[in-house]
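So the structure is just underneath, and the comments pick up after that.
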Amino acid sequence: MTVISAKQRPDIADRADEETASTHQEWQVHGDVSNRYWSSLYEVYPEFQFVLYDESTDTVLGESNAIQCSWDGTVEGLPAGIDEVIEGGFPRVGEANNLCALNIRIVPGHEGRGHSRLLLQAMRDLAAERGFANVIAPVLPNWKHRYPLIPIEEY
């Protein structure tokens with residue numbers, strides 16, 4: 001198994017996006033900001049989009065997405081959420097000092113094998129290589145999709 005970037009192998013990144021598509025929750029594919037910018041991540045930030053790939057079997061096991069961002073290191077300075085991080089990353093200008101994890105998806109049938117850890121480690125390695133201070137991640141509770149009618153603020 002190896003972690004490769006969309007910059008290195010755009011063909012494998014295209015496959016990963018298709019093979020992990022079923023892992024999206026319905027609400028994830030209806031965001032105005034993510035719908036506007038998501039495909040641009042692969043054009044503007046291909047080095048931040050990773051695929052976990054098994055060359056011996058030509059199998060895509062998972063993918064992760066990230067974007068550079070600026071953060072002052074304080075709780076108050078954290079972005080309000082994924083939309084703010086994505087909007088702040090386009091166009092690619094300014095002095096980013098952190099990497100923001102946006103997504104890690106594992107191909108169905110390959111979960112529970114530590115693949116997410118490998119993708120997260122690739123983000124950490126890239127952040128260190130770029131001199132970024134941290135990898136931050138706006139995350140949702142794992143079971144939020146089971147309670148779609150409860151607002152996130154109450155969940």
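The values are calculated or read from the model by the stated rules, or taken from the named source; none is laboratory data. Here the structure is a predicted model, which is why all the values come from computation and not from measurement. When we count neighbours, we look across all protein chains shown, and the Cβ atoms used for this are built from the backbone with ideal geometry, even at glycine. Just the protein is used for accessible areas: all its heavy atoms, side chains included, with ligands, DNA and RNA removed. Shrake-Rupley method; radii C 1.70, N 1.55, O 1.52, S 1.80 Å.
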query = Charges only on Cβ, +1 for Lys and Arg, -1 for Asp and Glu: so what's the dipole of the chain about the Cα centre, in debye to the nearest 20?
reply = 300
request  = Work out the FRET efficiency for Glu18 and His145 from their Cβ-Cβ distance, taking R0 = 22 Å, and round it to the nearest 0.05.
outcome  = 0.55
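Ordered by packing density, taken as the mean number of other Cβ atoms within 10 Å over each peptide's residues, highest first, how do 72-85, 50-63 rank?
Values: 72-85: 12.6, 50-63: 18.6.
Result, highest mean Cβ count within 10 Å first: 50-63, 72-85.
Over all distinct alpha-carbon pairs, what is the Kirkwood Rh of the chain in angstrom?
16.2
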Whole-number accessible area per residue in Å² for the range 56-110, which is evaluated in the context of all protein chains at 1.4 Å = 46
key: FRET efficiency, Arg117 to Glu153 (Cβ-Cβ, R0 22 Å, nearest 0.05)   = 0.15
request  = Work out, step by step, the length gained on full extension between Asp58 and Ala128: first 0.36 nm times the residue separation, then minus their alpha carbon distance; give nm to one decimal.
outcome  = 22.3 nm
